[in-house]
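Report on the following structure.
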Amino acid sequence: MKTLHIIGSKAMGGAERWFSRFVEALQRSGGDVHTVVRRDSELARFHLGDVDVKQLPMRTVWDPLSKLEVARYVRRTGAPVVQTYMGRATRLTRIPQGRGVVHIARLGGYYKLDGYRHAHAWVGNTRGLCDWLVSNGLPAERVFHIYNFIVPAPPVADETVTALREQIGLAPDDWALLTPGRFVPFKGHKYLIDALSRLPVEIDGRRLRLLMLGNGPLADALRMQASRLGVADRVVWCGWQQDPAAYFRVADVVVFPSRDGETFGNVILEAWSYGKPLVATAFRGAREIARHGEDSWVVPCDDPDALARGIQQVLSDPGLQQDMVSAGSRRLQQEFSEAVIIDQYRDLYDSLTA
């Protein structure tokens, strides 16, 4: 089936990485996949494999010319399914009912719904989000729950990992805590830096280092906080990495300190995919997905003391680390694999266009 996928983001983040991962997987499964991305965005410069990519300006959500350009391209592709991601693309996509085209709005967050209600169906990536959509007036029979998936972690050569450790100043026996994500308030990085200041410099004779993998508007504030708390020399600012595989391989533990506003949290799946122990906070997605003490170590949100204790607990218990890695790997295959999730989307498309 031919499908068209539209996203209007300017910068790369978790949602944009999911978009690229999803459309490439759908194409691999045999779908005829077409995409529209915002002109001059980071996604426009990102290679989406063999997926067809069209760039449109998508200037503002109220721009009539942008709406017209999207409508023309929808007609040109002739796709019976048009799936939009996030607010800008969804607001600019207006498809009247009864035209033989189904407009699906895929949501990964608790957004204001005024710009989404005109879609014909809605996909939420957690059950909690779907319940919220229905409670806010969307018809239950047109709201569908499908989780995210993660692709298998790519191999990384040992020499690449060794070179990266040297590049970022990690000694061979340093503990490496990795936290991926944009530096925005709901990711909770300030609580992680606070937690680092409460941890000893060494655990079991090994120096503790925090790898901040990302960038964003809070970058300067977080650097100032690290200096103020006296842990600047224990933090490595890695920047945004289009391919983070080597950084995950370097990590001993993945830490995901998001606040309650985090809906799903792809980092949970990424940690499981790379076979890394995970310390996460009990945000909305983690409460639904993670199982404390089995596949993750979960602590309260916004609590740097609890976060520090959780990190120390996991680093000090190799058996716990291995058990969590094994359990995460099993759940990844059974519930969050590419094949499982893509089949659910294909079934949804078939049912909505029947």
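Please treat every number below as a calculation from the coordinates, not as lab data. Since the structure is predicted, the reported quantities are computational estimates derived from the model, not experimental observations.
Annotations for the structure displayed:
- For the chain, calculated [θ]222 nm from helices alone, where every DSSP H run of n ≥ 4 adds -39500 (n - 2.57): -12000 deg cm²/dmol
- Normalised by the number of residues in the chain, the average gap of Cα pairs under 8 Å and 6 or more apart makes the relative contact order 14 percent.
- Shown here: segment 160-211, whose C-alpha atoms stretch 32, 26, 11 Å along the first, second and third principal axes, sorted largest to smallest.
- Cross-link table LYS10/LYS190; LYS54/LYS112; LYS190/LYS276; LYS112/LYS276; LYS67/LYS276; LYS67/LYS190, entries beyond 32 Å C-alpha to C-alpha: LYS112/LYS276; LYS67/LYS276; LYS67/LYS190
- Gyration tensor (Cα) of segment 180-288, equivalent ellipsoid semi-axes in angstrom: 20, 17, 14
- Expressed as a fraction of 2.2 N^0.38 Å, the C-alpha radius of gyration for segment 224-354 is 1.20.
- Using only alpha carbons, segment 23-72 has a radius of gyration to Kirkwood radius ratio (Rg to Rh) of 1.04.
- Once you divide the Cα radius of gyration of the chain by 2.2 N^0.38 Å, the number left is 1.03.
- For segment 281-342 and segment 147-206, distance of Cα centres in Å: 15
- Where the alpha-carbon atoms of segment 53-176 are placed on the principal axes, they occupy 62, 34, 25 Å, in descending order.
- Directionally averaged projected area (convex hull, Cα atoms, segment 139-236), nm²: 9.7
- Fraction of alpha-carbon pairs over 18 Å apart in segment 259-326 - percent: 31
- In summary, the convex hull built on the alpha carbon positions of segment 138-189 has an orientation-averaged projected area of 7.0 nm².
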